[in-house]
Amino acid sequence: MPAHSGRHFLQIPGPTNVPDRILRAIDHPTIDHRGPDFGRLGAKVLDGIKGIFRTASPVVIYPASGTGAWEAALVNTLSPGDRVLMAETGHFASLWRELAARLGLEPEFLPGDWRHGADPAAIEARLAEDRGHAIKAVCVVHNETSTGVASRIPEIRAAIDRTGHPALFLVDTISSLGSIDYRHDEWGVDVTVGGSQKGLMLPPGLSFNAVSDKARAAARSARLPRSYWDWESMISVNGTGYFPYTPATNLLFGLDAAIDMLMEEGLDNVFARHDRHAEATRRAVRAWGLEVLAADAREYSSSLTAVMVPDGVDADALRQTILERFDMSLGNGLGRLKGKVFRIGHLGSFNDLMLCATLSGVEMGLVTHGVPVERGGVQAAMEYLTGNA
């Protein structure tokens, strides 16, 4: 691959670009995780992260990837053989299902076409059938990173409530937290799963469980084995600002800076910025004559856009052309979408000029690779951004 000058454009939907302010915070000298300075840092971060989840409940922070937070959500609340209702919205929903099965649970997968989010009506109908309450939890991915489709969480909560079913509600926000409006308490979620490397603008390495009172009560009788992931071991110590085992100390410095940055901008402004960049991207895609994978406008993701390529075009070969010629990384198609889509990440520390440069690289790459498209996608995006400052 040829050498490039300038900065590499990392436009995958996570890990995202880490802003300088957070890099400088992580660069802080490591401190004693049992000393008073760390206790103050821990208390501040553990309190501040609640505002990002929009919850008054505890948020448990693990040194782990999002996969660890998936496992923590399940092992703290469920017992061997428990039935779990899950929705097939894409690659990551499928992986969460596989993890549940490996833990000895019985996941029931509502089928999907990977172009739509979880269907509230289908969830309601299945729970209404379950008069014996064999289903112990409903698990939904809020923003499916493989497809650019965002499920309608408030509608799913309302669907669960209409049945009067007592199942727990578990939601993955790994690629939506800090990017798309999300409200743990208001939307009646029992466990919210999060990760550090996307909207929170950090490197990978931290994961989160926001935990309702109902979920903590379920944990008291849950029988799946847990030790490292045990909520109560964490929460009982977190009250003092400390952790029961060695935390990811320097990432917590970065998390502290990330929370400050999000709150200084204001979460509503953060979400509006992401909405605006997502709409500009979709306008560019349509101007090229291509199709957005997400089929329902109510479910468009504001974190990323998955773009379908024409028949006969290999999306991975296109991505390779863009990487080699323009030094930009785009997300690949995963699972059944391999070679059929490319994904543009527009989340985290991101602004108008970065988006225009990203879309320019995509448009030049499409033309260079010989994909039959119309030109003018970047112009369409710029016109929208200019008129919607």
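The values are calculated or read from the model by the stated rules, or taken from the named source; none is laboratory data. Note that the structure is a prediction, hence the values are computed from the model and not measured. Here the Cβ positions follow ideal geometry from the backbone for every residue, glycine too, while neighbour counts run over all protein chains shown. Ligands, DNA and RNA are stripped out before the accessible areas are found, and what is left, the full protein with its side chains, is counted by its heavy atoms. Shrake-Rupley method; radii C 1.70, N 1.55, O 1.52, S 1.80 Å.
Taking first residues from the stretch 265-282 that are of a type outside the set (Phe, Trp, Tyr) and partners that are part of a helix (DSSP H, G or I) and surrounded by fewer than 18 Cβ atoms within 10 Å (Cβ to Cβ), the Cβ contacts under 7 Å between residues at least 6 apart in sequence or on separate chains come to 279/384; 280/384. Among the residues making up the stretch 202-223, those that are in contact with a helix residue (DSSP H, G or I) (Cβ under 7 Å, 6 or more places away or on another chain) and open to solvent by less than 10 Å² (accessible area, probe 1.4 Å) are 202, 206, 207, 208, 209, 210, 211, 219.
Matching residues to (1) open to solvent by 40 Å² or more (accessible area, probe 1.4 Å); (2) more than 30 Å from residue 152 (Cα to Cα); (3) in contact (Cβ under 8 Å) with a residue 24 or more places away in the chain; (4) within 19 Å of the chain's Cα centre (by Cα):
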{"residue": "312", "(1), (2), (3), (4)": "yes, yes, no, no"}
{"residue": "320", "(1), (2), (3), (4)": "yes, yes, no, no"}
{"residue": "325", "(1), (2), (3), (4)": "yes, yes, yes, no"}
{"residue": "331", "(1), (2), (3), (4)": "no, no, yes, yes"}
{"residue": "336", "(1), (2), (3), (4)": "yes, no, yes, no"}
{"residue": "340", "(1), (2), (3), (4)": "yes, no, yes, no"}
{"residue": "355", "(1), (2), (3), (4)": "no, no, yes, no"}
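Residues in the stretch 161-200 that are among the basic types (Lys, Arg) and within 16 Å of the chain's Cα centre (by Cα): 183, 198. Scanning the stretch 137-148 for residues that are under 11 Å from the mean Cα position of the chain (by Cα) and among the aliphatic types (A, V, I, L, M) yields a total of 1.
A count restricted to the stretch 109-137 and to residues that are under 20 Å from residue 76 (Cβ atoms) and either crowded, with 17+ Cβ neighbours inside 10 Å or of a type in the set (S, T, N, Q) (or both) stands at 3. Checking each residue of the stretch 279-288 against the condition of being within 23 Å of residue 23 (Cα to Cα), of a type in the set (Lys, Arg) and modelled with pLDDT of 95 or more gives no match. Within the stretch 148-175, residues that are without any contact (Cβ under 8 Å) to a residue 40 or more places away in the chain and charged (D, E, K, R) sit with their Cβ atoms under 6 Å from residues that are open to solvent by less than 40 Å² (accessible area, probe 1.4 Å) and not in a helix (DSSP H, G or I), at 6+ positions apart or across chains, in these pairs: 157/187; 157/188.
Table: residues versus (1) touching a Lys or Arg at 6+ places or on another chain (Cβ under 8 Å); (2) among the β-branched types (Val, Ile, Thr); (3) on the phi < 0 side of the Ramachandran plot.
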{"residue": "16", "(1), (2), (3)": "yes, yes, yes"}
{"residue": "37", "(1), (2), (3)": "no, no, yes"}
{"residue": "47", "(1), (2), (3)": "no, no, yes"}
{"residue": "67", "(1), (2), (3)": "no, yes, yes"}
{"residue": "73", "(1), (2), (3)": "no, no, yes"}
{"residue": "82", "(1), (2), (3)": "yes, no, yes"}
{"residue": "87", "(1), (2), (3)": "no, no, yes"}
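Residue by residue through the stretch 26-41, note down the ones that are over 23 Å from the mean Cα position of the chain (by Cα) and in a helix (DSSP H, G or I).
Looking only at the stretch 26-41, we keep the residues that are over 23 Å from the mean Cα position of the chain (by Cα), and these are 27-41.
Passing the criteria: 36, 37, 38, 39, 40, 41.
In the set (1) closer than 20 Å to residue 184 by Cβ; (2) part of a loop (DSSP other than H, G, I, E, B); (3) open to solvent by 50 Å² or more (accessible area, probe 1.4 Å), residue 44 fails one condition alone, (2).
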